[in-house]
Amino acid sequence: MATVRLQPSARVVIELPHDDVLVDESIPIVVSGLEPKAVVTVRARSGPEENPWMSSAAFTADAAGRVDLTRMAPDAGSYKDVDPMGLFWSASRVGSDGADSFDDGRILVTAELWTLTAETGGSVVASARIRRRAVAPGVRVFPVRDSGLVGSFYEPAGPGRHPAFLVLGGSGGGIPPPLGPAGGLASRGYAVLSLAYFRAPGLPSTLSNIPLEYFAAALKWMSAHPSVDPSRVGVIGLSRGAELALLLGTILPGFRAVVAYMPSNVIVRGCCDAGTPVAWTLGGRAVASAPSAPTRRSGMSDRPEIPVERINGAVLLISGRDDEVWPSTAMADAIMSRLRRHRFAHPFEHLAYDHAGHGIGRPFTSTMDLNSRRHPLTGRLMRMGGTPSGTARARAESWRRMLAFVDEHLRDSARPNPEPVTEPEPGTRTRQPGTRNPEPLSPEPVRNAAAQASARQSNRSR
């Protein structure tokens, strides 16, 4: 084990196996050289001096004079239980007013330098620094503005064609940032197109009347890229992006895996006011409209259901049982029931977590502001649900299982004959309110979707 140290004391050290890691990698932290039973406070700090992220935890050293955060719970501090990454997910910003925006500028940073200190008797006795990266060294990231698309492409290190993911954000809009799934997947050998579909230059300002042909163009662009294996492309989305990912899986058979964080089983209206009744269009017509977004108390039977049985690959659903944005666990259960009822031919799984809500994603970033963020479109305070510790556990466990799932179904199994990606599947169907039989999303097939998407991007008033 390499020891990384920057310390005034020659005896007490903070031991770290590495000083440069990914943000989603767990770091075993040990303080050694203390007096037996000494009380030590370990602090973590990152960011600008005027508004840093900070956390702390107090421990009692064992008989050998060691504090091992992988096996010891703190006596006091910003987190309670044994957790090697507790200092990172429990960090809060000193200058925060308690109402952070969803698009906090920190999420755009690709690397952060953290300082760890150990204090006894009011004095710092050891310190260490560690760089935590959103994207692994060697991954190339460049903007995409082709074919009317707005996004970022992550090209993994190494020659040849790679499995790939289209990454979709939620109702906050914009390009999904590197600190989220995009950077994590790219750091593990996946080519990634992180795609905006509204609230970005050249795109709609709200989640309203978004043409699904735009995403067909994205899939075509990815499949033509020399670093992408078109037979191994998946789509991953969070919240409204999860709804979209499931919907795209039903009309674009080129997607071989769908990962949906906090999903909806129904098609929800646009976001986020009374003037946006339609979220998605196909062939120039509304896919469906709904009176409102489902809530924890509302029923879902009057909303058009996504025909998930038409997806052409493995499906992974991830939800928090305490979701206060919408009932993602109940809706994920409904998706599972529908897949079973239709004897779905591909693997499907639902990971549901106690004490977690609408904030599950890539792990080991702060979970302390789950219920005090402002929505970037409405300015309203959002309650994501769950607890900071429960959400941190859900993020860590679901991330590990998500990576294993996509590796099994995309990385480990190439398919010799990729599906065509030039158009959505014609005749896609969904259950309409008040009917038992599915009705078509569009009255006729959508031809040459990529070309239509480019034309629509040029002609739309943004």
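All of the numbers you see were taken from the coordinates with simple rules; none came from a lab. Everything numeric here is computed off the predicted structure, so don't read it as measured data. Note that each Cβ is placed from the backbone with ideal geometry, even for glycine, and that neighbours are counted across all protein chains shown.
Distance between the pseudo-spin-label points of SER123 and ALA200 (7 Å out from Cα toward the beta carbon): 5.3 nm. What FRET efficiency, computed as 1/(1 + (r/R0)^6) with R0 = 30 Å and r the Cβ-Cβ distance, is obtained for ALA330 and GLU25, rounded to the nearest 0.05? E(calc), rounded to 0.05, equals 0.35.
With charges only on Cβ, +1 for K and R and -1 for D and E, what is the dipole size of region 13-133 about its Cα centre, in debye, rounded to 20? Numbers along the way, then the final one.
Numbers: 12 positive and 19 negative charges, 50 e Å.
Once rounded to the nearest 20, the dipole reads 240 debye.
For region 368-402, trypsin sites (Lys or Arg not before Pro) are listed when DSSP marks them as loop and at most 12 other Cβ atoms sit within 10 Å of their Cβ; the list is ARG380. Here the extension length gained between ASP75 and ALA224 equals 48.1 nm, from 0.36 nm per residue of separation less the Cα-Cα distance.
Prolate is the label for region 13-133, because a/c, from the alpha-carbon gyration tensor with a ≥ b ≥ c as root eigenvalues, is 1.5 or above and a/b exceeds b/c.
Quote to one decimal, in nm, the extra length available between ARG11 and ARG400 on full extension: 0.36 nm per residue of separation minus the C-alpha distance between them. Could the numbers behind the result be given before it?
Working: separation 389, 0.36 × 389 = 140.04 nm, distance 3.64 nm.
Extending this stretch completely gives an extra 136.4 nm.
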